[in-house]
Amino acid sequence: MSEQSSNSHDKHIQESVRLSESKLWDIQKNYFETMGINAWEEDVPFYITNNTFIAYQYASLMHQFMLDWQNQKDPDQMIYIMELGCGTGKFSYYFLKALTQLLIEQPLTVSFCYVISDVTAKNTEFCENNLSFKPYIELGQVDFAVFDASCDTDFYLKLADKPFSECRKSPLVVISNYIFDCLPHDLLHIQEGKIHSLQYGLKSRYKNFDQQNVKYLNELKFDITMEPIELEAFYDDPKLIGILNGYLERMDGKPSMMPVPLAALKFLKNMQVLTKDNMFLIIGDKGVSSLENISRLPNNYRMTFEGCHTLLANLFIIGDYIKALGGDCVLSQKSTVFQVGLYSLGTAFENLPNTQFSYTQNIDCLGPQEFASFYSMAIQNAYRFSANSINTFMKFSRWDPDAYALIHDRLVEIAPALMPHEVIELKSDLKKIEDNIYRLGLGFDVANLLGLFYQSQGNIEKAKALFQTAMDIYDDYGPPHNNIAMIYEEQKDKEKAIYHYGKAYEYDKKNLFAKQRMEILQGKKYAILGRPFLRTLGVIALIGALVYVMVK
């Protein structure tokens, strides 16, 4: 039974196969390799896992894990922390800032190396060359690796110039945000003890779809059918078969859709061998963490598209699988869309009391999903925030630059009415916002916004410095040039004003203000004033010509 109609113009890519064998996964990998960090500018949403709030929560959890390790294992050991799928590197930067600050406030004897990894070298190279990471690289706290979580069995540390397998005595902590939901899965339909596998046929709505240099994933279409299967014949992994049979008994005939994250399970087995049962894993993903929530998935549940094609990460089955490998897990009982789960190989969580307490009191109590909900409310209501609301929001976000962008206009509006003590606190908050700016060149230009705020307060030199920061971060971007040009014009620095007006117009040809100011400063005032007159004459001449033709 097909669930999507075909079109004669569709390009056929692949006949129906089980989802885990679909070419979709390779095509998605090619998309991220083709686009690099531009994937996040074009399509892929990423704010919920790329803000200072979640980075601080993870860093606090990591700090407590390091404390547990120091107290119960080896107090002088190096702990490697590998982030899967670094993307733009924004989370990496915020995590490093938060963890190093926590280690200043509560020093530990264990040390760490943060490995920024991605499936594509474009993204790790972007991070390696990003000035935001320079201090951490110089301290030896950062390394880089190209790593495919769906199949790789080891990774090469670029700066250390050695594979991780040569560091086996070191524990490996893995951070995975929004990774396993877009790696190979099976999708099973279970009802009354019978199991069907969803088979996916793959097409593109455009005949010239390039499977290698992929730029648009939303061109893909699926023909979906269901085929009956027997678990013992379908899978060759006894642990997985036993887990799924256990679910069948517990579900007692209730219908359910069951995502089976095969890439994640293969990753666990690979890491068990690589680390010799010495791994701690944090998974943050769009997912479900209990069998009850899995059983509530509707019969028409399928893949979803939000920049790329994904399935809910089945954190529950990952937990049961890691237990079958001799490990342990801590999962949330919340039913929120974004879930964070903890997994461990080699150490039970009862022996990581500080880690478990940090997770329970912070991430599971007031975590990334709750902050994202509050952030969404701020998008709609920031225009009526009071000074106290703005102050609270900035602190709650851990001084996140994107959070500041939401309240910038409102802050400029109410700033003249702030009390002296509010101004003092505001200056402290704005300094922390400024310090948290990541040199990305995508999304909100917060340096430019801060410059506008300080300019509105009469702090011109601070505004100029921030406009310059914005120009350093963003290529081919006109607004900070336009803003600093107006300051230079007012300061009678004609040469610099002309230069920056010229850049503002070069980057935005619709910015006629910048063009006119530049030409006026260059002494072309009368030519500019004559343009409207010449345009009027041209219109009159055109009308006259049309009338002449019609009369003739």
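The values are calculated or read from the model by the stated rules, or taken from the named source; none is laboratory data. Computed from a predicted structure; not experimentally measured. Don't worry about glycine lacking a Cβ; one is built from the backbone with ideal geometry, like all the others, and counts go over all protein chains shown. Just so you know, the surface numbers come from the protein's heavy atoms only, side chains and all, with ligands and any DNA or RNA stripped out. Shrake-Rupley method; radii C 1.70, N 1.55, O 1.52, S 1.80 Å.
Any idea how far the Cα center of the range 376-424 sits from the one of the range 430-465, in Å? With the range 376-424 and the range 430-465 each reduced to a Cα centre, they are spaced 15 Å.
Considering only ASN71, HIS185, ILE48, and ranking their Cα positions along the charge dipole of the chain that arises from unit charges at the beta-carbon of Lys, Arg, Asp and Glu, the one farthest toward the positive end is ILE48. Here's the picture: charge each Lys and Arg Cβ at +1 and each Asp and Glu Cβ at -1 in the chain, and of MET486, ILE282, GLN369 the one pushed furthest to the positive end of that dipole is MET486.
When the alpha carbon coordinates of the range 363-435 are projected onto the principal axes, the ranges are 38, 24, 18 Å, largest first. Would you mind working out the magnitude of the charge dipole of the range 434-479 relative to its Cα centre, with +1 at each Lys and Arg C-beta and -1 at each Asp and Glu C-beta, to the nearest 20 Debye? Using only the charged Cβ atoms, the result is roughly 140 debye. Computed from the C-alpha gyration tensor, the three semi-axes of the ellipsoid equivalent to the chain are 48, 34, 22 Å, from longest to shortest.
Mean residue ellipticity at 222 nm from the helices of the chain, using -39,500 (n - 2.57) per DSSP H segment of n ≥ 4 over the full residue count, to the nearest 500 deg cm²/dmol? Intermediate results must be reported in sequence, preceding the final value.
Values: 22 runs with 262 residues, N = 552.
Roughly -14500 deg cm²/dmol at 222 nm, from the helical runs in the chain.
Count Lys and Arg as plus one, Asp and Glu as minus one, and take only other residues whose Cβ is under 10 Å from that of VAL340; the net charge is then -1. For ASP223, nonlocal amide neighbours, meaning residues 5 or more places apart or on other chains whose placed amide H falls under 5 Å from its own, are GLY201, LEU202, LYS203. Below 14 angstrom from the Cβ of ASN354, what's the summed charge of the other residues (Lys, Arg +1; Asp, Glu -1)? Neighbourhood net charge equals -1. In order along the range 17-27, the phi-based Karplus estimate (6.51 cos²θ - 1.76 cosθ + 1.60, θ = phi - 60°) of 3J(HN,Hα) comes to 9, 4, 4, 5, 9, 5, 5, 3, 5, 5, 5 Hz; Gly and Pro are listed as x.
Here the Karplus curve 6.51 cos²θ - 1.76 cosθ + 1.60, taken at θ = phi - 60°, turns the phi angles of the range 466-471 into couplings of 6, 4, 5, 4, 4, 5 Hz, with x standing for Gly and Pro. When each of the peptides 205-217, 145-157 is scored by how many other beta carbons lie within 10 Å of its residues on average, the order from highest to lowest is 145-157, 205-217. Per residue, the chain exposes 46 Å² of accessible surface when a 1.4 Å probe is rolled over the protein heavy atoms with every protein chain present. Count Lys and Arg as plus one, Asp and Glu as minus one, and take only other residues whose Cβ is under 15 Å from that of PHE234; the net charge is then -4.
Report in % the part of the accessible area of the chain that belongs to carbon and sulfur, leaving out ligands and nucleic acids; probe 1.4 Å. Show your work: numbers first, answer last.
Working: 13280 of 25370 Å².
In the chain, the share of accessible area belonging to carbon and sulfur is 52 percent.
When the range 294-395 is described by a simple charge dipole with +1 on each Lys and Arg Cβ and -1 on each Asp and Glu Cβ, the residue from PHE357, ILE318, THR304 located farthest towards its positive end is THR304.
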